[in-house]
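The structure appears right after this line, and notes come after that.
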């Protein structure tokens, strides 16, 4: 698995025609580094909380 993060990094990879080697590209460089370092991501926490509130199951049904 190859992960690249950050707008400038992705731009450089595109210019070098290397995007085909990347498994996952994220424009959120700082957020990606924080997540990979074990810090919580507020957006993911919000999605988990929303799922609890609205009772949506993993298959997408309520």
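Any read-out appearing in this document is the output of simple, stated calculations on the displayed coordinates, not a laboratory observation. Computed from a predicted model, the values in this text were never measured in an experiment. Heads up, the Cβs are rebuilt from the backbone with ideal geometry, glycines too, and the neighbour counts pull from every protein chain shown.
A few comments on the model shown:
- The helix-based estimate of mean residue ellipticity at 222 nm for the chain, built from -39,500 (n - 2.57) per DSSP H run of four or more residues and divided by its residue count, is -14000 deg cm²/dmol to the nearest 500.
- At an R0 of 22 angstrom, the distance between the Cβ atoms of residue 24 and residue 46 translates into a FRET efficiency of 0.60.
- Once the Cα atoms are used to define both axes, helix 42-54 deviates from the longest principal axis of the chain by about 30 degrees.
- Per-q log10 I(q)/I(0), the stretch 3-54, q = 0.21 Å⁻¹ (Debye; single scatterer per alpha-carbon; no solvent): -0.76
- In this rough spin-label picture, where each label sits 7 Å from Cα along the Cβ direction, the residue 54-residue 11 distance is 3.5 nm.
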